[in-house]
1. Which members of the range 1-20 meet the condition of being under 27 Å from residue 222 (Cα atoms) and within 16 Å of the ligand (Cβ to nearest atom)?
2. List the helices (runs of 4 or more DSSP H) that sit entirely inside the range 24-102 and contain at least 1 residues that are under 17 Å from the mean Cα position of the chain (by Cα), closer than 18 Å to residue 188 by Cα and within 16 Å of the ligand (Cβ to nearest atom).
3. Name every residue in the range 88-106 that is open to solvent by less than 10 Å² (accessible area, probe 1.4 Å) and within 11 Å of residue 116 (Cα to Cα), in order of residue number.
4. Within the range 35-42, identify whether any single residue is surrounded by 22 or more Cβ atoms within 10 Å (Cβ to Cβ) and within 23 Å of residue 192 (Cα to Cα), and answer yes or no.
5. Quick check on this structure: which one of 28, 55, 20 is at pLDDT below 95 and touching a strand residue (DSSP E or B) at 6+ places or on another chain (Cβ under 6 Å)?
6. In the range 128-144, which residues are under 17 Å from residue 157 (Cβ atoms) and more than 13 Å from the ligand (Cβ to nearest atom)?
7. Would you check which residues across the range 103-116 are within 13 Å of the ligand (Cβ to nearest atom) and outside any loop (DSSP other than H, G, I, E, B) and list them?
8. If you go through the range 4-23 one residue at a time, how many are out of contact with any Cys (no Cβ under 9 Å at 6 or more places or on another chain), open to solvent by less than 30 Å² (accessible area, probe 1.4 Å) and either assigned to a helix (DSSP H, G or I) or not aliphatic (A, V, I, L, M) (or both)?
Amino acid sequence: MAYTLKIAHLYGDLMNTYGDIGNVLVLDYYAKKMDITLTSEIVSLKQPFEPAKYDLAFFGGGQDYEQVIVSKDIQAKKDDLITFIEDGGPMLAICGGYQLLGQYYIGADGERIEGINALPHYTKSQDNNRFIGDIVIKNAETAQTYHGFENHNGLTFLGKGERPLGKVISGHGNNGQDDSEGAIYKNVFCSYFHGPILARNGELAKRLLLLALKRKYPTADLSPQEKIIIKPTY
Ligand code: GLN
């Protein structure tokens with residue numbers, strides 16, 4: 001393989017609802033097609049996140065119970081995660097991980113779970129309800145359609161400098177009110193899609209891998225990688 005990339009799987013042992021780890025497997029699948037050797041490493045409780053060590057980061061979803069534990073630990077990694085994000089590090093964050101990158105999440109029992117405020121969104125809870133079901137969105141920049149399955153109590157509202165990952169075509173999305181789903185900030189992509197998201201939306205996996213390659217190998221000719229055709233899998 002011509003290229004190597006290393007992915008930090010943030011709290012992969014705690015934040016993994018509905019098989020979100022599948023996103024790492026899908027990244028590996030497309031990495032092989034793109035001549036990339038991908039290695040992944042779990043960065044969990046009490047372990048440092050060293051921004052210079054990683055080319056990509058993945059942060060999966062979790063239940064409120066795990067989110068409370070991770071919320072406390074992640075404050076020690078806050079500055080290093082923000083350094084990675086502000087430096088253009090590509091990241092995918094799903095559901096509970098998405099919520100913890102923001103300001104805070106009010107859990108289903110009303111408790112305030114602190115995020116790291118790397119992105120300006122915040123998440124409130126809804127009373128005795130969850131958004132569950134199939135969801136379809138359209139990404140404004142690429143006109144790509146993304147398909148997924150959502151299951152969350154949280155209602156997320158985006159902040160300044162964030163744009164949605166997509167406009168809701170069917171389903172609920174961030175909050176059921178403003179037609180937005182997920183968030184994009186710099187090279188960070190957030191979503192409520194489980195399933196896992198990349199298994200049904202290979203174009204997004206390709207986009208993440210290309211961003212990581214361009215950042216690590218700025219002078220490389222990546223036209224063969226750009227040309228890889230992703231077959232729809234939904
Ligand atoms: N506990 C959060 C919520 O219900 C996140 C759930 C998840 O990651 N699936 O909104």
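1. Pass one, the range 1-20, residues under 27 Å from residue 222 (Cα atoms): 1-9.
9 - this is the single residue of the range 1-20 that is under 27 Å from residue 222 (Cα atoms) and within 16 Å of the ligand (Cβ to nearest atom).
2. Numbers: elements: 64-74, 78-86, 96-101.
Because the criterion is at least 1 residues that are under 17 Å from the mean Cα position of the chain (by Cα), closer than 18 Å to residue 188 by Cα and within 16 Å of the ligand (Cβ to nearest atom), the helices (runs of 4 or more DSSP H) in the range 24-102 that meet it are 64-74, 96-101.
3. Result: 97, 98, 99, 100, 101, 102, 105.
4. So far as the range 35-42 goes, no, none of its residues is surrounded by 22 or more Cβ atoms within 10 Å (Cβ to Cβ) and within 23 Å of residue 192 (Cα to Cα).
5. Numbers: 28 fails: at pLDDT below 95; 55 fails: at pLDDT below 95.
Being at pLDDT below 95 and touching a strand residue (DSSP E or B) at 6+ places or on another chain (Cβ under 6 Å) holds for just one of 28, 55, 20, which is 20.
6. In the first step, residues of the range 128-144 are kept if they are under 17 Å from residue 157 (Cβ atoms); the result is 129, 131, 137.
Scanning the range 128-144 gives a single hit, 137.
7. Residues satisfying the conditions are 104, 105, 106, 113.
8. At the first step, the residues of the range 4-23 found to be out of contact with any Cys (no Cβ under 9 Å at 6 or more places or on another chain) are 4-14, 16, 19, 21-23.
If we keep only those that are open to solvent by less than 30 Å² (accessible area, probe 1.4 Å) as well, we get 5, 7-12, 22-23.
Applying the additional criterion that residues be either assigned to a helix (DSSP H, G or I) or not aliphatic (A, V, I, L, M) (or both) yields 9, 11-12, 22-23.
The total comes to 5.
The values are calculated or read from the model by the stated rules, or taken from the named source; none is laboratory data. Since this is a predicted model, take the numbers as computed values, not measurements. All Cβ positions, even for glycine, are placed from backbone atoms using ideal geometry, and neighbour counts span all protein chains on display. With ligands, DNA and RNA removed, areas are computed over all heavy atoms of the protein, side chains included. Shrake-Rupley method; radii C 1.70, N 1.55, O 1.52, S 1.80 Å.
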